[in-house]
Amino acid sequence: MSAKTSTKTRRPTTTEETELLSLLSGVLIGLKKRPSGADPKDDELREAFEKSELGERHVGPLISLVLSGPASVSELAERIGLAPATTSLLVGELSRAGFVQRQEDEADRRRTIVSIDESIEDVVRPALEETLAPLGRGLDRMSAAQKAHFMDGLRILNEEMGRTGAKGSC
């Protein structure tokens, strides 16, 4: 059997693209790193996730609910960049595990409002705040113009990644 050779011409990777990948990798590793002097509640949360057979895909909705408060499933889906059906599935799994609560919207009974369970918020919020502290410090070091350009650039990259299928299901 002969090896197939690609006839496609590949665009060379630029120095900026290589550096961007390296920098983004460092940021993502930093976000996933367990904070130093980790709280025993971190172990409690990890054990609750394992016991409930929840995974990393469930973290996004929890973080959004902690940081931005209750939302309908469609609002939550928009916040975390997933399809409403996928978000609904995650919310159902989180609800069965006792991590979130679902209630009818008093103003529109067709809508369901999702909120984080208070006992879970007490465990998640401190770890989240410690994880996000370096992001806040980094943004604080930027001038208003630098911050605006940085955020614009990230929005553009996010749009482009969405076009290649990075946004969607879990």
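The values are calculated or read from the model by the stated rules, or taken from the named source; none is laboratory data. Treat the numbers as computed from the prediction; the structure is a model and nothing was measured. Every residue, glycine as well, gets a Cβ built from its backbone with ideal geometry; the counts of neighbours run over all protein chains shown.
Assorted remarks:
- Within the stretch 87-102, residues that are without any contact (Cβ under 8 Å) to a residue 40 or more places away in the chain and more than 19 Å from E44 (Cβ to Cβ) have Cβ atoms under 6 Å from residues that are part of a helix (DSSP H, G or I) and polar (S, T, N, Q) in these pairs: R102/S95, counting only partners at least 6 apart in sequence or on another chain.
Here is a yes/no grid of residues against (1) more than 28 Å from M161 (Cβ to Cβ); (2) under 21 Å from the mean Cα position of the chain (by Cα); (3) at pLDDT 80 or above; (4) assigned to a helix (DSSP H, G or I):
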position	(1), (2), (3), (4)
M1	yes, no, no, no
K8	no, no, no, no
E17	no, no, yes, yes
S22	no, yes, yes, yes
S25	no, yes, yes, yes
P35	no, yes, no, no
E75	no, yes, yes, yes
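- Screening S64 with (1) polar (S, T, N, Q); (2) farther than 28 Å from G30 by Cβ; (3) assigned to a helix (DSSP H, G or I); (4) touching a strand residue (DSSP E or B) at 6+ places or on another chain (Cβ under 9 Å) gives one miss only, at (2).
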